[in-house]
Structures are given as structure tokens and as C-alpha cells.
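Take a look at the structure set out below.
Readers should treat all values here as calculations from the given coordinates under stated rules, not as data from a laboratory. For clarity, every value in this text was computed on a predicted model and none was experimentally measured. Here the Cβ is made from the backbone with ideal geometry for all residues, glycine too, and neighbour counts use every protein chain on show.
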Amino acid sequence: MSIELSVLKEALQQSSPMEKLETIVKDLLSKGYSKESILAEFEYFREAMTDEDYEDIVLEVMDFLTGWCSPHKRIDIHHRQRITLAPELYAQVEKEAQIRGISSETLVHLGLMEWLANHHQHQVCEA
């Protein structure tokens with residue numbers, strides 16, 4: 001695999017470079033590329049960089065892929081289920097995520113975790 005370095009450079013020029021790089025990683029994983037091959041490409045890209053701020057962003061996304069981060073930021077399609085939202089609900093999630101400054105996937109994940117915690121408490125109380 002050889003990710004076009006221009007694609008990664010363009011991602012860093014976006015208003016949300018970390019989210020763009022996350023999207024690239026998720027896309028590559030969904031196409032069957034291994035974590036190791038993606039990490040190798042990102043490491044090659046990181047070594048070629050001269051801007052320290054961008055290097056930090058690339059390293060952080062690499063941490064998401066290796067799991068060296070908060071659980072809700074981990075990128076691992078093998079252990080996550082994809083959630084499909086109705087278009088009107090998706091628009092609401094996107095808007096709320098933008099307000100909070102987080103990705104829509106993170107917002108959905110956090111919302112599900114909260115629901116599961118509340119649902120579990122209900123079951124315990126009813127028993």
C-alpha cells in the first residue's frame with residue numbers, strides 16, 4: 001500500500017485535520033488494509049514532515065489506531081459495530097457534534113454508552 005502523501009498533506013490543511021485523518025484511516029481499514037500497514041505509511045509521512053504541529057496531529061491519529069488513547073477515540077472497525085442513523089436524526093447528531101466540537105461518531109458512541117449505563121441501572125433497580 002502506498003497512500004498518496006498529497007492526500008495526507010491535504011488533510012492537514014483542512015479546518016479539522018485530525019477528523020480528516022481519522023476518516024482516511026477508517027476508510028483504509030474498511031478497504032481491508034491492516035493497522036500495521038497504515039501505521040507504517042503514517043510513520044513514513046510523519047518522518048517526512050517539517051511542521052511540528054502537524055506531526056503532533058499525525059502522532060495522535062496513530063495513537064487512535066494503536067489504542068494508546070481514551071477508549072472512545074480508538075479506531076478499530078473489527079470491534080465496533082457500524083450504526084446507521086435515519087437522515088433527520090443524522091442531521092441532529094451532526095449539529096450537536098459541531099456545537100460540542102467532537103465528531104458525530106464520538107457523540108453517538110457517548111450517547112449509546114450513557115443509554116446503556118442508564119438502562120443497566122434500571123434493570124438492577126427492578127431486580
Next item on the list: Using packing as a proxy for protection, rank 62-73, 47-58 so that the peptide with the highest average count of other Cβ atoms within 10 Å comes first.
Entry: 62-73, 47-58
Item checked: Binned Cα-Cα distance frequencies in the range 1-79 - 5 Å width, integer % -> 3, 16, 30, 29, 17, 5, 1
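DSSP loop trypsin sites (Lys or Arg not before Pro) in the range 1-58 with at most 15 other Cβ atoms within 10 Å of their Cβ, which ones?
Working: sites: K9, K20, K26, K31, K35, R46; in loops: K31.
Answer by residue number: K31.
Run the numbers on the range 1-79 and let me know its relative contact order in percent, using alpha-carbon pairs under 8 Å that are six or more apart.
28
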